[in-house]
């Protein structure tokens, strides 16, 4: 399937980064990440059991990592992620106790 989107040039990307709306969005991401870190420090991700605590902390860590990736996006990362002919999709994961991890095509 051919890619129907047009990538921004590096100049257009830098203009987008400098845009006040983008700057506001990035400031919001900084606040979001800081809020998650403060919640963690206050024990907000503690559960009734060690398992629930581990799950809550793992979910918070993933959220912080996603927000951080969005905050740190540069042109090279943008071009690498969106400059491909195939749609950008996350890998499929197996979550069974028999073996968690990335699933190769045809394993389901």
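See the values below:
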quantity: Residue count, segment 45-59 (criterion: out of contact with any helix residue (DSSP H, G or I) (no Cβ under 8 Å at 6 or more places or on another chain) and surrounded by 12 or more Cβ atoms within 10 Å (Cβ to Cβ)); calculated: 5
quantity: Given (1) more than 14 Å from the chain's Cα centre (by Cα); (2) assigned to a loop (DSSP other than H, G, I, E, B); (3) surrounded by 12 or more Cβ atoms within 10 Å (Cβ to Cβ), index of the condition residue 16 fails; calculated: (2)
quantity: Segment 1-13, residues that are surrounded by 11 or more Cβ atoms within 10 Å (Cβ to Cβ), free of Cβ contacts under 8 Å to residues at least 60 places away in the same chain and either within 20 Å of the chain's Cα centre (by Cα) or part of a helix (DSSP H, G or I) (or both); calculated: 12
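All of the numbers you see were taken from the coordinates with simple rules; none came from a lab. Since the structure is predicted, the reported quantities are computational estimates derived from the model, not experimental observations. Every residue, glycine as well, gets a Cβ built from its backbone with ideal geometry; the counts of neighbours run over all protein chains shown.
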